[in-house]
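Participant: Here's a structure for you.
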Amino acid sequence: MLYPLNTETRIVIDLSGIWKFKIPDEGEKVALDVPLTNPIQMAVPGSFNDQVANAELREHVGEIWYEKDFTISKMLNDQRLVIRFGSVTHQGKVYFNGEYVGEHVGGFTPFEIEIASEKLNIQNNLKLCLSNILDNKTLPNAVLQKKNNKKKVIPNFDFYNYSGIHRPIKIYSTPKTYINDITVTYDVDGNNASVKPKIDVKGDYDRVSYELYDDQKQLLLNTDQNEFLIENVKRWQPRNAYLYQLKVNLHGVTGEIIDTYTEEFGVRTLKIENNKFYINDKPFYFKGFGKHEDFPVIGRGLNEAVNNGDFNLMKWTNANSLRTAHYPYSEEFMYMADREGFVVIDEVPGVGLFNKFNVDVSKNKDNNVNTWDIVDSSSNHKQVIEELISRDKNHPCVVSWAVGNEPAGHQEGARKYFEPLVSLAKELDWEKRAVVIPNIINADPDKDELTGLVDIICLNRYYGWYINHGELEEAKVNLKREMEKWHEKYPDKPIMFSEFGADTISGFNSVYGTPFTEEYQVDYFNANFEVLDKLSYFIGEHVWNFADFETHPTVRRVDGNKKGIFTRDRKPKSIAHYLKKRWENK
Ligand code: GCB
């Protein structure tokens with residue numbers, strides 16, 4: 001799926017701004033042919049939850065309405081018009097000028113709806129009916145509780161169920177015959193790359209031509225050939241990005257340009273061999289973070305200043321990579337990652353697949369209900385994998401697809417659930433990037449059913465926090481023992497930490513190494529590194545989390561999850577300085 005761009009043949013209209021918003025009363029029907037009654041204002045993009053100063057509204061689970069009036073210029077009369085939704089969390093039904101025109105399930109990937117020309121006016125009305133319900137069919141997976149007519153989501157995961165219109169809604173025009181999709185595939189042979197773009201066109205046309213531009217926007221070649229060579233190709237490298245631009249032109253019989261679209265891409269190779277991960281034939285060590293899309297007031301809404309600030313802070317720490325825990329991030333974020341040379345593990349919202357999950361993983365032991373008898377999310381899971389790969393396939397930053405996070409891999413049925421999903425990801429991706437499923441400690445090397453399916457063993461481990469809390473010497477012994485077991489069982493697979501961390505209150509200090517202090521967070525990571533740095537097959541460390549983030553309240557969460565290296569408003573804790581130093585030389 002193409003990102004909406006202004007080109008010689010296309011116009012994009014962004015509907016971001018203030019929308020009308022309403023949560024209907026119990027039993028109230030929303031009329032489609034009149035404006036919402038008694039709406040309040042809501043900024044889009046943004047989660048609605050922290051924009052309201054009312055606990056009942058903030059915690060509302062169910063129907064949520066948004067409305068926007070907008071004008072379309074007569075100049076676009078003969079064009080094809082599409083409404084493009086960046087992300088509507090978690091489901092959206094769309095009504096255009098009073099009529100239902102389509103819907104989408106899944107809160108983190110874009111969808112679009114073409115507007116039939118006979119339905120289009122100069123003044124138009126768009127209404128969206130969202131649902132933020134999560135249950136055993138959805139991703140993220142959760143338990144939906146109904147009590148006294150009130151719905152409540154009991155999350156099997158550790159982040160707040162922010163909802164709303166999280167990314168821009170745009171209207172874009174194309175000609176009636178148009179480029180529907182572009183996949184930039186290539187083979188690298190020594191210094192040269194042979195590029196073979198795959199173009200999906202709707203409508204009649206005569207031929208396609210390509211213009212290739214370098215990183216400085218200098219034209220390198222102009223060709224009608226569907227395969228062409230870049231000699232002395234400049235590689236996209238971690239923290240040293242180089243991006244080419246491919247301008248695709250669709251021509252009519254007289255040679256005129258019918259449609260044109262420019263896609264950025266980078267050239268790099270990936271390989272896994274002898275438990276090492278290679279980018280451009282160099283062993284790559286992941287240094288970085290699991291993140292969240294999370295910031296005060298905007299919740300999970302797109303804010304490019306926050307994203308830009310985060311990339312600059314990550315660069316400041318000397319990180320080179322991140323995981324989009326626990327859902328696909330905005331397209332704008334992915335373009336920034338390409339440009340900054342950040343290596344990305346791109347994750348679908350396959351989280352919460354652990355019945356009665358407890359954020360304190362040591363408490364999950366007593367759970368004797370089999371998750372795979374309860375979850376019913378396979379078809380949504382397939383859909384999010386398809387949508388993510390379709391959206392992100394051309395991003396050089398993406399080196400791996402995470403098709404889940406911490407599923408109950410130790411419960412019978414896990415493999416049956418995940419095997420087709422892993423195959424699907426491989427089948428859809430022209431580059432066959434590594435597939436991973438970050439593992440929970442309950443699915444230890446003796447019990448886990450999923451590790452045989454993945455290319456890199458990604459472990460979320462909390463020795464010294466949930467396990468051996470405050471006991472770092474014991475933590476080291478247990479960590480070492482577990483790592484040896486994994487390696488013995490899977491000697492050819494690289495292993496990395498996709499999460500490790502300790503809740504830490506900024507400004508909370510002690511000479512006694514007390515948990516929750518900044519000193520303990522440093523000691524915790526230090527102890528983990530003492531073990532991990534000795535392992536030749538260990539290929540990376542993603543610290544949990546880049547910043548403190550909002551969660552649902554539980555006895556283990558005071559004002560959210562505090563495992564951030566930075567506070568929620570992005571102030572460094574002591575550990576940030578420690579990591580900056582460590583990663584400078586790593
Ligand atoms: C995990 C989860 C992550 C939690 C983290 C924690 O294993 O993957 O979503 O936030 O632990 O802090 O407990």
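Participant: Got at least one residue in region 244-260 being free of Cβ contacts under 8 Å to residues at least 12 places away in the same chain and among the hydroxyl-bearing types (Ser, Thr, Tyr)?
Facilitator: yes
Rundown of residues vs (1) more than 16 Å from the ligand (Cβ to nearest atom); (2) in a loop (DSSP other than H, G, I, E, B); (3) farther than 20 Å from residue 473 by Cβ, yes/no style:
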| site | (1), (2), (3) |
| --- | --- |
| 514 | yes, yes, no |
| 527 | yes, no, no |
| 530 | yes, no, no |
| 551 | no, yes, yes |
| 559 | no, yes, yes |
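Participant: Could you list, in sequence order, the residues of region 532-549 that are closer than 27 Å to residue 495 by Cβ and within 16 Å of the ligand (Cβ to nearest atom)?
Facilitator: Looking only at region 532-549, we keep the residues that are closer than 27 Å to residue 495 by Cβ, and these are 532-547, 549.
Across region 532-549, the qualifying residues are 541, 542, 543, 544, 545, 546, 547, 549.
Participant: In region 317-357, which residue that is out of contact with any Lys or Arg (no Cβ under 7 Å at 6 or more places or on another chain), among the aliphatic types (A, V, I, L, M) and away from the ligand (no atom under 16 Å from the Cβ) is nearest to residue 285 (Cα to Cα)?
Facilitator: Looking at residues that are out of contact with any Lys or Arg (no Cβ under 7 Å at 6 or more places or on another chain), among the aliphatic types (A, V, I, L, M) and away from the ligand (no atom under 16 Å from the Cβ), I get 343.
Participant: Could I ask something else about it? Among the candidates 210, 205, which residue alone is modelled with pLDDT of 95 or more, part of a strand (DSSP E or B) and out of contact with any Phe, Trp or Tyr (no Cβ under 6 Å at 6 or more places or on another chain)? Talk me through it step by step, then tell me what you get.
Facilitator: Values: 205 fails: part of a strand (DSSP E or B).
Being modelled with pLDDT of 95 or more, part of a strand (DSSP E or B) and out of contact with any Phe, Trp or Tyr (no Cβ under 6 Å at 6 or more places or on another chain) holds for just one of 210, 205, which is 210.
Participant: Let me ask something else about it. Looking at region 130-159, I want the residues that are under 20 Å from residue 371 (Cα atoms) and have a partner that is of a type in the set (Phe, Trp, Tyr) with Cβ atoms under 6 Å, at least 6 apart or on another chain. Which pairs are those?
Facilitator: Pairs that qualify, where the first residue is under 20 Å from residue 371 (Cα atoms) and the partner is of a type in the set (Phe, Trp, Tyr), are 140/157; 156/354; 156/357.
Participant: Another question about this same structure. Working only within region 465-487, note down all residues that are among the acidic types (Asp, Glu) and surrounded by fewer than 16 Cβ atoms within 10 Å (Cβ to Cβ).
Facilitator: As a first pass, look at region 465-487 and keep what is among the acidic types (Asp, Glu): 471, 473-474, 482, 484.
Result: 471, 473, 474, 484.
Participant: Go through (1) more than 16 Å from the ligand (Cβ to nearest atom); (2) more than 22 Å from residue 111 (Cα to Cα); (3) surrounded by fewer than 20 Cβ atoms within 10 Å (Cβ to Cβ) one by one and return the number of the condition residue 360 breaks.
Facilitator: Against the list (1) more than 16 Å from the ligand (Cβ to nearest atom); (2) more than 22 Å from residue 111 (Cα to Cα); (3) surrounded by fewer than 20 Cβ atoms within 10 Å (Cβ to Cβ), residue 360 comes up short only on (1).
Participant: What pairs can you find where one residue is in region 305-333 and without any contact (Cβ under 8 Å) to a residue 40 or more places away in the chain, the other is among the hydroxyl-bearing types (Ser, Thr, Tyr), and their Cβ atoms are less than 8 Å apart, with a gap of 6+ or different chains?
Facilitator: 307/330
One line per residue, one yes/no per condition, for (1) touching a residue at least 24 places away in the same chain (Cβ under 8 Å); (2) over 22 Å from residue 384 (Cβ atoms); (3) in a loop (DSSP other than H, G, I, E, B):
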| site | (1), (2), (3) |
| --- | --- |
| 66 | yes, yes, no |
| 70 | yes, yes, no |
| 81 | yes, yes, no |
| 85 | yes, no, no |
| 94 | yes, no, no |
| 101 | no, yes, no |
| 104 | no, no, no |
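Participant: For region 487-512, how many residues meet the condition of being more than 16 Å from the ligand (Cβ to nearest atom), in a loop (DSSP other than H, G, I, E, B) and out of contact with any Ser or Thr (no Cβ under 7 Å at 6 or more places or on another chain)?
Facilitator: Matching residues across region 487-512 total 7.
Participant: Taking the conditions exactly as written (more than 16 Å from the ligand (Cβ to nearest atom) and closer than 17 Å to residue 497 by Cα), does residue 291 satisfy them or not? Outline the logic, then answer.
Facilitator: On the way: more than 16 Å from the ligand (Cβ to nearest atom): no; closer than 17 Å to residue 497 by Cα: yes.
Spelling it out, it is not the case that residue 291 is more than 16 Å from the ligand (Cβ to nearest atom) and closer than 17 Å to residue 497 by Cα.
Participant: Let me ask something additional. Please indicate, with yes or no, whether at least one residue in region 430-441 is of a type in the set (S, T, N, Q), surrounded by 15 or more Cβ atoms within 10 Å (Cβ to Cβ), within 16 Å of the ligand (Cβ to nearest atom) and under 21 Å from the mean Cα position of the chain (by Cα). Walk me through how you get there before you give the answer.
Facilitator: The first filter runs over region 430-441 and keeps only residues of a type in the set (S, T, N, Q), leaving 439.
Cutting the leftovers down to surrounded by 15 or more Cβ atoms within 10 Å (Cβ to Cβ) gives us 439.
From the residues that got through so far, the ones that are within 16 Å of the ligand (Cβ to nearest atom) too are 439.
Cutting the leftovers down to under 21 Å from the mean Cα position of the chain (by Cα) gives us 439.
So far as region 430-441 goes, yes, one or more of its residues are of a type in the set (S, T, N, Q), surrounded by 15 or more Cβ atoms within 10 Å (Cβ to Cβ), within 16 Å of the ligand (Cβ to nearest atom) and under 21 Å from the mean Cα position of the chain (by Cα).
Participant: Kindly provide the set of residues from region 238-268 that are within 21 Å of the chain's Cα centre (by Cα) and not in a loop (DSSP other than H, G, I, E, B), ordered by number.
Facilitator: Those that are within 21 Å of the chain's Cα centre (by Cα) and not in a loop (DSSP other than H, G, I, E, B): 263, 264, 265.
Participant: Does residue 156 count as closer than 30 Å to residue 352 by Cα, within 24 Å of the chain's Cα centre (by Cα), of a type in the set (S, T, N, Q) and within 16 Å of the ligand (Cβ to nearest atom)?
Facilitator: Details: closer than 30 Å to residue 352 by Cα: yes; within 24 Å of the chain's Cα centre (by Cα): yes; of a type in the set (S, T, N, Q): yes; within 16 Å of the ligand (Cβ to nearest atom): yes.
Answer is yes for this residue.
The values are calculated or read from the model by the stated rules, or taken from the named source; none is laboratory data. These figures come from a predicted structure and were not determined experimentally. Ideal geometry is used to build each Cβ from the backbone, glycine not excepted, and the neighbour counts take in all protein chains shown.
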